[in-house]
Amino acid sequence: MPRITMLLLLIVLTSRANTSKSIIPETGYLSSNRLKYHGYLFVGDVLKKKNELKQVREYSNMIMFLSQYEEESPYLDITADSPARTKAKREFLREEGKRIKFLDSLGFEIIWPDPLSQLIKDGDVETYKKELRFIKENLPEMALVDIIYPCDEPNLNDVSAETLEKSVDVFKSEFPEIKTMFCYAIVHPKFLDSKAPKNADILAIDPYMFTTHYENRAADFEAHYMENLACALDWINRQNKPFIMVADAFASTPGEGKKIPVADTSLWYYMLALTQPDCIGLSWFYYGDPIEDGKHSGFQFDSASEALQKTHREIGETILGKESRLGLEWFDEKEEKSADE
């Protein structure tokens, strides 16, 4: 029996045993209340998408924003500092502060990507300490940040758990109230022995790499599960830490890039999250500034299909507390048909 079919059967049987027809139970694996976050990884300048983000906030409560790629950052080649570089860093932090203030005004839980990730990868502890103090001095809005994202996909970037643990200790010495989160791409069995930092507060998985062509159909999701999602779930559930599932980041045959997400795949990820005891939320890629390279696709408010927008809203509203049997409608319809017969 295919894995996804077994998953659906598990969800169905559990719902039959524990729920009334009106709502999902308040506790247990099928409780949306167990999921705390529904959010987006926003790529672009949030200040240029204020109205969109106000609408998205209606059904999401977490956001990580990437306003600049690492190669565009004034923190690139940071050890070659100069007065001009110092001025550029202050200006960057001033603009980031405006973005953080805006997102905080909407009530988002804010994740800020650490611009010092290269120092972390290099294990340059002393420079990292110095630059954290510069951030503390020039970005008072750090008091509004809930989670820091120090380093992306450590397993793909060959950054050891020991190196990350040292960076967390240094960061916490300056910002003890801010949580740390690391996202791992466990996309192949060879990564199953990857070690995460023991002192991380939250982990995440983004199991999105595909080795075969697909078109976002049910059979493709089964193939995705068998190829690498099962690896990611096996790994994350051995870490004994709360985690975020980064969803809809499908990538197909090399050169084809990511596919535009569809409603069905979004709902599948939500149903998967409900079966993972340590999962605390779902997050999706949101390309506020589209990347015209043919390799990046994600949720975009002005171009997403009505079905995708509706599904994202329903998932978010359910996680945020709305009474719902989202994902269980198929079984309800079958029961109603049987009753009519």
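Taking helices (runs of 4 or more DSSP H) as the structural unit, those lying wholly within region 98-184 and holding at least 3 residues that are under 23 Å from the mean Cα position of the chain (by Cα) and within 26 Å of residue 86 (Cβ to Cβ) correspond to 117-122, 161-174. Looking across region 60-97, the residues that are part of a loop (DSSP other than H, G, I, E, B), at pLDDT below 90 and small (Gly, Ala, Ser) come down to 67, 73, 80, 82. Residue-level check: of (1) buried (at least 20 other Cβ atoms within 10 Å of the Cβ); (2) hydrophobic (A, V, I, L, M, F, W, C); (3) at pLDDT 95 or above, residue 116 misses just (3).
From (1) in contact with a helix residue (DSSP H, G or I) (Cβ under 7 Å, 6 or more places away or on another chain); (2) at positive phi, pick out the condition that doesn't hold for residue 174. Of (1) in contact with a helix residue (DSSP H, G or I) (Cβ under 7 Å, 6 or more places away or on another chain); (2) at positive phi, only one is false for residue 174: (2). Of the helices (runs of 4 or more DSSP H) lying entirely inside region 232-341, the ones with 1 or more residues being at pLDDT 90 or above and of a type in the set (Lys, Arg) are found at 306-319.
The values are calculated or read from the model by the stated rules, or taken from the named source; none is laboratory data. The structure presented is a predicted model; accordingly, all values stated were derived computationally and were not measured. Positions of Cβ are backbone-derived with ideal geometry, glycine not excepted, and every protein chain shown enters the neighbour counts.
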